1. So which residues in segment 35-76 are charged (D, E, K, R), under 26 Å from L22 (Cβ atoms) and without any contact (Cβ under 8 Å) to a residue 40 or more places away in the chain?
2. Take segment 43-67 and flag every residue that is under 20 Å from L25 (Cβ atoms) and of a type in the set (G, A, S).
3. Right, R74: open to solvent by 100 Å² or more (accessible area, probe 1.4 Å) and at pLDDT 85 or above or not?
4. Restricted to segment 34-71, and to residues that are surrounded by 10 or more Cβ atoms within 10 Å (Cβ to Cβ) and hydrophobic (A, V, I, L, M, F, W, C), which residue is nearest to the chain's Cα centre (by Cα)?
5. Filter segment 1-26 down to residues that are part of a helix (DSSP H, G or I) and open to solvent by 100 Å² or more (accessible area, probe 1.4 Å) and give me whichever is nearest to V73 (Cα to Cα).
Amino acid sequence: FDPRHFQGTHCYGFPRTGPHRLRFLLESVKDLRETLKKKGSSLVVRKGKPEDVVRDLITQLGSVSAVAFHEEVREI
């Protein structure tokens, strides 16, 4: 979870992630984790800036051959 997603927007100061969206996200991640566990896999969840968290995970894991990501589309 990127803490920047829980701060106000640049234009109007409204929360990017309000309480209802946060609850939905947490429930979705919990469900995904449970589904993956049933299939013999797992889910790593971290809080922090992705550029830091991913670097730290790669360092911890040691042998990472690829990293895939997507960039959030922002309206101008």
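The values are calculated or read from the model by the stated rules, or taken from the named source; none is laboratory data. Fair warning: this is a prediction, and the values are worked out from it, not measured in the lab. All Cβ positions, glycine included, derive from the backbone under ideal geometry; neighbour counts span all protein chains shown. Accessible surface areas use protein heavy atoms only, side chains included; no ligands, DNA or RNA. Shrake-Rupley method; radii C 1.70, N 1.55, O 1.52, S 1.80 Å.
1. Passing the criteria: K37, K38, E51, D52, R55, D56, E71, E72, R74, E75.
2. Scanning segment 43-67 gives a single hit, G48.
3. no
4. Of everything passing the filter in segment 34-71, V45 is nearest to the chain's Cα centre (by Cα).
5. Residues of segment 1-26 part of a helix (DSSP H, G or I): 3-6, 19-26.
Among the residues that remain, those that are also open to solvent by 100 Å² or more (accessible area, probe 1.4 Å) are: 19-21, 23-24.
On the way: P19: 22, H20: 21, R21: 18, R23: 22, F24: 20 Å.
Residue satisfying both the conditions and the ranking: R21.
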